[in-house]
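Report on one structure; see the data block that follows.
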2 protein chains.
Amino acid sequence: MTDVLKGMRIVEGSAFVAVPLAGMTLAQMGADVIRFDRIGGGLDAGRWPVAPSGQSLFWAGMNKGKRSIAVDMKSPEGKELITRIITAPGEDAGMFLTNLRVRGWMDHETLSQHRRDLIMVTLMGDRHGRPQVDYTVNPALGIPDMTGPEEYEGPVANALPAWDLVAGNMVVSALLAAERHRLRTGEGQDVELSLKDVAAATLGHLGMIGDAVVNDAPRGKAGNALYGAYGQDFVCADGKRIMVIGLTARQWSGLVKVTETADQMAALEARTGKDLKDEGVRWALRQEITHILKPWFAQHPGPRISQQFDAAGVTWSQFRSVKEAVAEDTDLSPDNPMFEQLHQPGLGTFPVPGSPMSFSRHARKSPQKAPDLGAHTEEILGDVVRMTDAEIARLFDTGVVQSPNYAVGRSAA
Amino acid sequence: MTDVLKGMRIVEGSAFVAVPLAGMTLAQMGADVIRFDRIGGGLDAGRWPVAPSGQSLFWAGMNKGKRSIAVDMKSPEGKELITRIITAPGEDAGMFLTNLRVRGWMDHETLSQHRRDLIMVTLMGDRHGRPQVDYTVNPALGIPDMTGPEEYEGPVANALPAWDLVAGNMVVSALLAAERHRLRTGEGQDVELSLKDVAAATLGHLGMIGDAVVNDAPRGKAGNALYGAYGQDFVCADGKRIMVIGLTARQWSGLVKVTETADQMAALEARTGKDLKDEGVRWALRQEITHILKPWFAQHPGPRISQQFDAAGVTWSQFRSVKEAVAEDTDLSPDNPMFEQLHQPGLGTFPVPGSPMSFSRHARKSPQKAPDLGAHTEEILGDVVRMTDAEIARLFDTGVVQSPNYAVGRSAA
């Protein structure tokens, strides 16, 4: 949390990864982010991973620091309420993020009748408006085809929803850019992007589309090798597995020096007539290079290697499971000012991250937990929609809205 | 390209993926982005993939729409020049993105002596200032441990530099947030983030850190299955491989309906005493579900399945190589307004993407090629540093700067 965006109010109607991540990122930058959900929770309310209690660790992670309102979105009154929340007055309000493509009452045309300068950012599945998820976009664009061990024939999908993560961060950029334009001109606008377009554009940016068109040989699987230069995983004497990088000239010469393989590399150059200073040559000869380096790793235990690599400024890391990383790596602990150890009822106690951005003018603040579903229903109806207590009470009584506090209050009465 | 950020000027001193991607993203949103490089090109000048000519398709992809200046960064005059470019006057200038951590003359403290309201965003490797790349951060945090076929024992690294992509987009957001603050207060600032912190925070956001702490069972490999609900790849009668999603209740019921497996799913529920409407149950029973569905896919050819899935609104996609995707998918062609077929000398002719963001107030513009290294040297010295022709000529003559045009002009004289 920082407060660089303090004063901004953003409304989010979303589910799953990308748009919730966008809202959370903005909340951790200090914006007041209101997430609305249907009563009982949206499609992602129970998304895995879950705690032993069954409560979603995912939902808690994706909604940190937001305010939550639970509304019966099927009732006309609920729809009106959401419209009023999205289009409420305020110079720094009137911004709406969504991946729910609802025509008729929650589209830009309708909403902007209530607030002319509304900024709405919609993330679609693909440009045709069809639903897509990370798990469908990624295979369609060919990444699983180039992932995995060289000897393995099938495609290997990502465990990480990379496209969702990229798209969510682009939603943040799109919103900030549109708001910059509004600050200068007063004009709101309708911004659209799609998960598949984000992925397709990125393939192009990385040079993969050009590669597929102008080169005959397809980019095949290369196991854990660094593509296009040298980088490889090795098993050490104690069974630990290490990744080492020889991407830049400095990294490469450091690696050769520490492993004392300069003579063998020179012999390889002499034998092939190629120059290992060229990164493309290192890539082409990666198997020969790995063959030369392998015995050195097999003879040295991990901690000894780490020490030597650090001393020589070699870029490397150790393969771990997430459990090992959380147990061993202080970068994933409150030793890192980004993390704070939080207790969350129903979930447990573990390190929770704030924003990875550090702003010199805005002190880092503690990460905030995700709200209980509907925890801010009453407060939002008061301070955003400007309803009276009587109006708010009527909405609770008729079931148009819900809140854990109100329900408790009533059952105790 | 749009022009939502028209008028902004951003200077970039960078290499590889994240920060070049940030600058390119801002350029495609309409900002004037100046990338400076050392004479002959930076560390990423020849980064793979490359065209048959040896020219980098990667560099061309990462630097689209920027202006390029080539400077001898070791000479005092070159350092002064870069300082003047970064800190040049202009209300919408004075912004600097970098992943080169140079102390002494290119840090925030020194640069801001020349322009008090400078905004500088620095992406580091890790929070300690050590170099890290996507290929080291990812294994250290455990993603390769949960990637790949269930029967495969080793870790499987990503072919996609996902953390670089996420970090690059966060650099964009950080810059826009800091500039928003400057527009209101006049205050510049020093913004820092690190690749490893971006990855570590994201693990937390996705619930993976909580999962590692509060649950005994580690998240293991699950092949191409969708984690936490149902989603699986199947080979069809014609050998095509399809990914199908049963994440939401609607997706799941659509899948069961089209495959006519309702009876078998009901029998599975009866036998296990579990309710497949629960996404966690679908995850736990994914192997049994796959066993039920498999024969249906094996009996139907891909095109027939596609048709039925589309008609029923099932979310699915087909596994392809990048070559197949580029050849078959119109979303990766100029049929998609995001793409344009460009001819680039030394590289070839292929579809080049613009920004995936579409702004209703800013018409989409054609994607611009990357510049030749130093192509704008003369122009930047004139319009940004405000040098006279004589001053500029002297810098070329003394080799402090370089440009392909100037060299051509001189050799023709």
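The values are calculated or read from the model by the stated rules, or taken from the named source; none is laboratory data. Note that the structure is predicted; figures quoted are calculated from it, not measured. Cβ sites come from the backbone with ideal geometry, for glycine too, and all protein chains shown count toward neighbours. Remember, those area values only see protein heavy atoms, side chains included, never the ligands or the DNA or RNA. Shrake-Rupley method; radii C 1.70, N 1.55, O 1.52, S 1.80 Å.
So here's what we get for this one:
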{"read-out": "Filter pass, B:Gly382 being part of a loop (DSSP other than H, G, I, E, B) and within 29 Å of B:Ile82 (Cβ to Cβ)", "value": "no"}
{"read-out": "Every residue from segment A:232-254 that is at positive phi and buried (at least 22 other Cβ atoms within 10 Å of the Cβ)", "value": "none"}
{"read-out": "Single residue of B:Glu153, B:Glu187 found to be more than 7 Å from chain A (Cβ to nearest Cβ), more than 23 Å from B:Pro49 (Cβ to Cβ), out of contact with any strand residue (DSSP E or B) (no Cβ under 6 Å at 6 or more places or on another chain) and among the acidic types (Asp, Glu)", "value": "B:Glu153"}
{"read-out": "Which numbered condition B:Asp134 fails, given (1) within 7 Å of chain A (Cβ to nearest Cβ); (2) touching a Phe, Trp or Tyr at 6+ places or on another chain (Cβ under 9 Å)", "value": "(1)"}
{"read-out": "Criterion (hydrophobic (A, V, I, L, M, F, W, C), without any contact (Cβ under 8 Å) to a residue 40 or more places away in the chain and part of a helix (DSSP H, G or I)) met by exactly one of A:Trp283, A:Trp296", "value": "A:Trp296"}
{"read-out": "Search result, residues across segment A:46-97 that are of a type in the set (Gly, Ala, Ser) and in contact with a Lys or Arg (Cβ under 9 Å, 6 or more places away or on another chain)", "value": "A:Ser56, A:Ala60, A:Gly65, A:Ser68, A:Ala70, A:Gly78, A:Ala88, A:Gly90, A:Ala93, A:Gly94"}
{"read-out": "Residue in segment B:41-63 that is hydrophobic (A, V, I, L, M, F, W, C) and more than 9 Å from chain A (Cβ to nearest Cβ) present", "value": "yes"}
{"read-out": "Single condition A:Leu193 does not satisfy, out of (1) in contact (Cβ under 8 Å) with a residue 60 or more places away in the chain; (2) assigned to a helix (DSSP H, G or I); (3) not acidic (Asp, Glu)", "value": "(2)"}
{"read-out": "Pair list, Cβ < 9 Å and 6+ apart or interchain, from segment B:258-269 residues that are within 10 Å of B:Trp296 (Cβ to Cβ) and assigned by TED's automatic domain parsing to the domain that holds B:Ser306 to residues that are part of a loop (DSSP other than H, G, I, E, B) and of a type in the set (A, V, I, L, M)", "value": "B:Val258/B:Val314"}
{"read-out": "Complete set of residues in segment B:363-381 that are at pLDDT 95 or above and open to solvent by 50 Å² or more (accessible area, probe 1.4 Å)", "value": "B:Gln368, B:Lys369, B:Asp372, B:Leu373, B:Glu378, B:Glu379"}
{"read-out": "Residue within segment B:131-152 that is free of Cβ contacts under 8 Å to residues at least 12 places away in the same chain, within 15 Å of A:Val244 (Cα to Cα) and assigned by TED's automatic domain parsing to the domain that holds B:Ala22 present", "value": "yes"}
{"read-out": "Spans of strands (runs of 3 or more DSSP E) in segment A:310-355 with at least 3 residues within 10 Å of another protein chain (Cβ to nearest Cβ), within 29 Å of A:Gly239 (Cα to Cα) and over 19 Å from the mean Cα position of the chain (by Cα)", "value": "A:316-318"}
{"read-out": "Subset of segment A:207-241 [β-branched (Val, Ile, Thr) and within 7 Å of another protein chain (Cβ to nearest Cβ)]", "value": "A:Ile209, A:Val213, A:Val214"}
{"read-out": "Considering residues of segment A:168-190 that are small (Gly, Ala, Ser) and touching a residue at least 40 places away in the same chain (Cβ under 8 Å) only, the residue farthest from B:Arg47 (Cα to Cα)", "value": "A:Gly186"}
{"read-out": "Test result for A:Gly204, of a type outside the set (S, T, N, Q), within 7 Å of chain B (Cβ to nearest Cβ) and touching a Lys or Arg at 6+ places or on another chain (Cβ under 6 Å)", "value": "no"}
{"read-out": "Qualifying positions in segment B:255-271 - open to solvent by 10 Å² or more (accessible area, probe 1.4 Å), under 14 Å from B:Gln308 (Cβ atoms) and not in a loop (DSSP other than H, G, I, E, B)", "value": "B:Val256, B:Lys257, B:Val258"}
{"read-out": "Only one of A:Asp126, A:Asp145 that is open to solvent by less than 10 Å² (accessible area, probe 1.4 Å) and at the interface with chain B (Cβ under 8 Å from one of its Cβ atoms)", "value": "A:Asp126"}
{"read-out": "Criterion (open to solvent by 30 Å² or more (accessible area, probe 1.4 Å) and among the aliphatic types (A, V, I, L, M)) met by exactly one of B:Leu118, B:Leu183, B:Leu206", "value": "B:Leu183"}
{"read-out": "Unmet criterion (only one of (1) open to solvent by less than 20 Å² (accessible area, probe 1.4 Å); (2) more than 7 Å from every other protein chain (Cβ to nearest Cβ); (3) closer than 17 Å to B:Met120 by Cβ) for B:Trp163", "value": "(3)"}
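Here is a yes/no grid of residues against (1) among the hydroxyl-bearing types (Ser, Thr, Tyr); (2) surrounded by 15 or more Cβ atoms within 10 Å (Cβ to Cβ); (3) modelled with pLDDT of 95 or more; (4) at negative phi:
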{"residue": "B:Thr330", "(1), (2), (3), (4)": "yes, no, yes, yes"}
{"residue": "B:His343", "(1), (2), (3), (4)": "no, no, yes, yes"}
{"residue": "B:Pro351", "(1), (2), (3), (4)": "no, yes, yes, yes"}
{"residue": "B:Arg361", "(1), (2), (3), (4)": "no, yes, yes, yes"}
